[in-house]
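Worksheet: the structure to be examined is printed underneath.
No value in this document is a laboratory result; all are computed from the given coordinates. Keep in mind that what you see is a predicted model, and the values were worked out from it rather than measured. Note that we place each Cβ from the backbone using ideal geometry, even for glycine, and neighbour counts take in every protein chain shown.
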Amino acid sequence: MKWHGTTIVSVRTSGKVVIAGDGQVSMGPTVMKPNARKVRPLGDGTVIAGFAGATADAFSLFDRLEKKLEQYHGQLLRAAVELAKDWRTDKFLRNLEAMMIVADKDVTLILTGNGDVLEPVDGIAAIGSGGNFALAAARALKDYEPDAETLARKAMAVAADICVYTNDQLTVETLASAS
């Protein structure tokens with residue numbers, strides 16, 4: 001799957017986990033909105049999430065993930081696996097075009113419609129059209145920038161300079177991290 005129109009990056013370091021996302025919504029070559037909010041807390045605020053892909057689809061997935069978090073008493077990994085199962089097998093859900101990064105104090109995960117629940121080994125994850133740029137920048141800067149939010153903002157700035165579908169109007173959510 002190739003997604004155009006957003007960049008989401010997550011960084012876990014120095015006792016914090018951060019998810020940052022740009023605000024650009026594009027339709028073809030036209031910027032429709034510069035300040036969309038693609039990153040938000042979920043449930044009781046113990047989980048943060050960001051999406052790339054179709055907005056309505058992402059909100060459907062956020063809603064389903066929140067229900068799974070309630071069902072599994074806030075256990076993000078279990079809720080994410082159950083959502084991924086549904087997403088892959090449910091006739092309605094498997095047509096949704098979005099990807100998500102979700103994180104709590106213990107784990108960061110990338111969720112896809114293929115049934116993937118991926119945990120990055122280095123605490124850094126990125127999705128969307130500028131995701132590879134943000135991922136490369138964050139990995140390169142990790143040894144030099146100890147603050148998770150500063151690192152995420154710098155990585156997003158690199159992506160915004162390179163990817164025409166990414167802008168510098170960020171939404172950033174932060175949680176205390178166990179690692």
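What is the spin-label model distance, in nm, from residue 169 to residue 54 if the labels are put 7 Å beyond Cα along the C-beta direction?
Distance between label points: 2.4 nm.
Which residue, chosen from 87, 46, 133, occupies the Cα position most advanced towards the positive end of the dipole of the range 7-176, where the dipole is computed from +1 (Lys, Arg) and -1 (Asp, Glu) charges on Cβ about the Cα centre?
Value: 87.
Length gain on complete extension for the stretch residue 140 to residue 97, per 0.36 nm per residue less the alpha carbon to alpha carbon distance?
12.5 nm
What does the charge dipole of the chain about its Cα centre add up to, to the nearest 20 debye, if the Cβ of each Lys and Arg holds +1 and the Cβ of each Asp and Glu holds -1? Please report the intermediate quantities before stating the final value.
On the way: 20 positive and 22 negative charges, 57 e Å.
Magnitude of the dipole: close to 280 debye.
Calculate the spin-label point distance for residue 32 paired with residue 178, positioning each point 7 Å from the Cα along the beta-carbon direction, and give it in nanometres.
Once both label points are built, they end up 3.9 nm from each other.
Can you give the local net charge around residue 48? Use residues other than it whose beta-carbon is closer than 14 angstrom to its beta-carbon, Lys and Arg +1, Asp and Glu -1. List each step's numbers first, then the result.
On the way: positive: 12, 16, 37, 38, 40, 105; negative: 44, 66, 104, 106, 149, 173.
Residues near residue 48 contribute 0 overall.
Can you compute the helix-only [θ] at 222 nm over the chain? Use -39500 (n - 2.57) per DSSP H run of at least 4 residues, normalise by all residues, nearest 500 deg cm²/dmol.
-10500 deg cm²/dmol
How about the range 96-179: which chymotrypsin sites (Phe, Trp or Tyr not before Pro) there lie in a loop by DSSP and see at most 12 other Cβ atoms within 10 Å? Present the calculation step by step, with values, prior to reporting the outcome.
Working: sites: 133, 144, 165; in loops: 144, 165.
Those that pass, being in a loop and sparsely packed, are 144.
Among 13, 28, 156, whose Cα projects farthest towards the positive end of the dipole of the chain, with charges put on the beta-carbon of Lys, Arg (+1) and Asp, Glu (-1)?
Farthest towards the positive end: 28.
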